[in-house]
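Below: one structure, written as structure tokens.
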Amino acid sequence: MELDHKAREAIEDIINRREGINSIQAQLKEDIKAIAEYLAVKPAQVARIVSLVERERAKGDVLEAERGVIDAAESMIPVTASAEEQDA
């Protein structure tokens, strides 16, 4: 396959845009890390918040669905006696 000038320019443009995307992704990762440090949580928790907000804005009802999943999971955990009841 031989690449003419137009094809080379198009490929070079793709490479340059990918480099830009990688740079932006690295910056976002550092921003998430900084926010996590500020909040004293793990970066994955901040990334999860960002993801949920993005999905909620795009589709709606995402947070309500997540609440439903959490409620269902909580209902599967056996209720234990409180510390006061155990001391009695």
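The values are calculated or read from the model by the stated rules, or taken from the named source; none is laboratory data. Predicted, not measured: the structure shown is a model, and the values here were computed from it. We place every Cβ from the backbone using ideal geometry, glycine too, and count neighbours over all the protein chains shown. For the accessible areas, the whole protein counts, side chains as well, though only heavy atoms, and no ligand, DNA or RNA atoms are used. Shrake-Rupley method; radii C 1.70, N 1.55, O 1.52, S 1.80 Å.
Once the Cβ-Cβ distance between LYS33 and MET76 is put in as r, and R0 is 25 Å, what FRET efficiency do you end up with, to the nearest 0.05? Show your work: numbers first, answer last.
Details: r = 33 Å, r/R0 = 1.32.
Plugging the Cβ-Cβ distance into 1/(1 + (r/R0)^6) gives 0.15.
With every protein chain left in place, what is the accessible area per residue of the chain in square angstrom, probe 1.4 Å? Intermediate values should be presented prior to the final figure.
Details: 8130 Å² over 88 residues.
Dividing the accessible area of the chain by its residue count gives 92 Å².
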Q) Given (i) 1.37; (ii) 1.96; (iii) 1.22, which label gives Cα Rg over 2.2 N^0.38 Å as computed from the coordinates? A) (ii)
Q: Using a 1.4 Å probe over the heavy atoms of the protein chains, calculate the carbon and sulfur portion of the accessible area of segment 1-66 as a whole percent.
A: 56
Q: For GLU66, tell me the accessible area in Å² from a 1.4 Å probe, rounded to the nearest 10.
A: 40
Q.
What FRET efficiency comes out for GLN45 versus LEU3 if R0 is 30 angstrom and r is the Cβ-Cβ distance? Round to the nearest 0.05.
A. 0.05
Q: Please give the net charge around VAL41, taking every other residue with its beta carbon less than 13 angstrom from that of VAL41, where Lys and Arg add +1 and Asp and Glu add -1.
A: +2
Q: Show VAL46, VAL79, VAL41 ordered by accessible area, largest first, where the area counts protein heavy atoms only and the probe is 1.4 Å.
A: VAL79, VAL41, VAL46
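With all protein chains present and a 1.4 Å probe, how do ASP61, ASP13 order by accessible area, largest first? Mind showing how you got there, number by number?
Values: ASP61 120, ASP13 70 Å².
Correct descending sequence by accessible area is ASP61, ASP13.
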